[in-house]
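See below for the structure under consideration.
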Amino acid sequence: MRTVSSQIDIDAIPERVWSVLVDLNHYSEWNPYIRQASGEVSVGATLTLKILINGKLTTFRPRVTAVVPGVELRWRACLINPRIFGGEHRFGLSAIPNAGGQRTRLEQAESFTGILLPFLGGMLKGTERNFRAVDQALSERLSMSP
């Protein structure tokens, strides 16, 4: 297993950050990595995500595995089956102590598994860059909205 992660502190309460994360229909307005998203954010639901990989939109259909409003969103997807290549993505939100509840730490991580993993090192480095770009874009989106 290999995990790629990023984190950012955002000037917004966790509930505001959450509201942007679960508003899938507006990802195309701000998200530089997940260019299109649709589906219901509920455990067991299947999402449709169009992710920009090496300049090409690739469609993934992950299943939502955890939804804790204002705290955590997880989904899992695989290529053919999890033994070939799969990943579980997590967004974790927490109020930053000593910030009066007005700031949020967003942690984004994906744990990858499967026999193709040793051959995908370059893609995983790109994924980490993409996570940081999403973190920054989300922070900017929240700074523009009331």
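So here's what we get for this one:
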quantity: Shape call, the stretch 13-88: gyration tensor on alpha carbons, a/c limit 1.5; calculated: oblate
quantity: Average accessible area per residue (Å²) across the chain - probe 1.4 Å, nucleic acids and ligands excluded; calculated: 54
quantity: C-alpha center-to-center spacing [the stretch 46-68, the stretch 11-31] in angstrom; calculated: 16
quantity: Given [x] -0.98, -1.04, -1.18; [y] -0.96, -1.08, -1.46; [z] -1.13, -1.23, -1.46, the label whose value is log10 I(q)/I(0) by the Debye sum over Cα atoms at q = 0.17, 0.18, 0.21 Å⁻¹ derived from this model; calculated: [y]
quantity: Inter-probe distance in nm under a simple model that places probes 7 Å from Cα toward Cβ, at Leu120 and Ala66; calculated: 2.0
quantity: Structure-based [θ]222 nm, the chain - -39500 (n - 2.57) summed over DSSP H runs of at least 4, per residue, nearest 500; calculated: -7500 deg cm²/dmol
quantity: Neighbourhood net charge (13 Å Cβ-Cβ; Lys/Arg +1, Asp/Glu -1) for Gly126; calculated: +2
quantity: Normalised contact order of the chain, rounded percent, pairs of Cα under 8 Å and 6 or more residues apart; calculated: 30
quantity: Crossing angle, helix 121-144 versus the chain [Cα axis fit, 0-90 degrees, rounded to tens]; calculated: 20
quantity: Cut-off 13 Å between beta-carbons: net charge of the residues surrounding Pro62, Lys and Arg +1, Asp and Glu -1; calculated: +3
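The values are calculated or read from the model by the stated rules, or taken from the named source; none is laboratory data. This structure is a prediction, so every number in the text was calculated from the model and none was measured. Note that we place each Cβ from the backbone using ideal geometry, even for glycine, and neighbour counts take in every protein chain shown. These area figures cover heavy atoms from the full protein model, side chains too; ligands, DNA and RNA do not enter into them. Shrake-Rupley method; radii C 1.70, N 1.55, O 1.52, S 1.80 Å.
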